Amino acid sequence: MTVREWVTSRSTQVPDVLTARVIELLGADADQPASGSGAACLAAAQRSLEQLLASGRYERDSALDLLAVDALTTFAFEHAAEASASAADIKRLAMDGARALSGIAAENG
């Protein structure tokens with residue numbers, strides 16, 4: 001199973017356009033093994049948020065991308081919760097994600 005297949009299997013209640021955008025933002029990482037879904041989703045969320053902020057895209061026409069960043073972040077934590085027997089692993093992902101996303105906000109704030 002690939003990251004793309006893992007995300008798609010979790011997107012049954014998600015509008016198709018949002019799932020397609022999430023897959024698009026994953027880029028080449030979508031074809032990696034599903035075991036790396038958490039890291040791939042978090043990295044894609046970070047890249048996408050950086051691009052949105054750097055280009056000053058805060059208007060309504062960027063809503064789909066903002067929703068995709070949120071979905072990617074949610075998928076990252078969902079994968080960590082499913083794949084890890086360790087609360088420490090989930091905590092590490094949360095800390096990495098918080099550090100990355102707050103760093104983006106600080107750079108663009």
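The values are calculated or read from the model by the stated rules, or taken from the named source; none is laboratory data. None of the values given here were measured: they were computed from a predicted structure. Note: ideal-geometry Cβ built from the backbone for every residue, glycine included; neighbour counts use all protein chains shown. Just the protein is used for accessible areas: all its heavy atoms, side chains included, with ligands, DNA and RNA removed. Shrake-Rupley method; radii C 1.70, N 1.55, O 1.52, S 1.80 Å.
When Leu67 is evaluated against the numbered criteria (1) over 13 Å from the mean Cα position of the chain (by Cα); (2) within 23 Å of Ala94 (Cβ to Cβ); (3) in contact (Cβ under 8 Å) with a residue 40 or more places away in the chain; (4) open to solvent by 80 Å² or more (accessible area, probe 1.4 Å), which criterion, by number, is the only one it fails?
(1)
Run down Thr12, Thr19 and say which single residue is of a type in the set (Ser, Thr, Tyr) and assigned to a helix (DSSP H, G or I). Give the derivation first.
On the way: Thr12 fails: assigned to a helix (DSSP H, G or I).
That would be Thr19, the only listed residue that is of a type in the set (Ser, Thr, Tyr) and assigned to a helix (DSSP H, G or I).
For the list (1) in a helix (DSSP H, G or I); (2) surrounded by 12 or more Cβ atoms within 10 Å (Cβ to Cβ), I need the number of the one condition that Arg57 fails.
(1)
A quick yes/no check of all residues on (1) touching an Asp or Glu at 6+ places or on another chain (Cβ under 6 Å); (2) at pLDDT 95 or above; (3) under 20 Å from Gly103 (Cα atoms):
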position	(1), (2), (3)
Val7	no, yes, no
Gly56	no, no, yes
Asp61	no, no, no
Thr73	no, no, yes
Ala83	no, no, no
Ala88	no, no, no
Arg92	no, no, yes
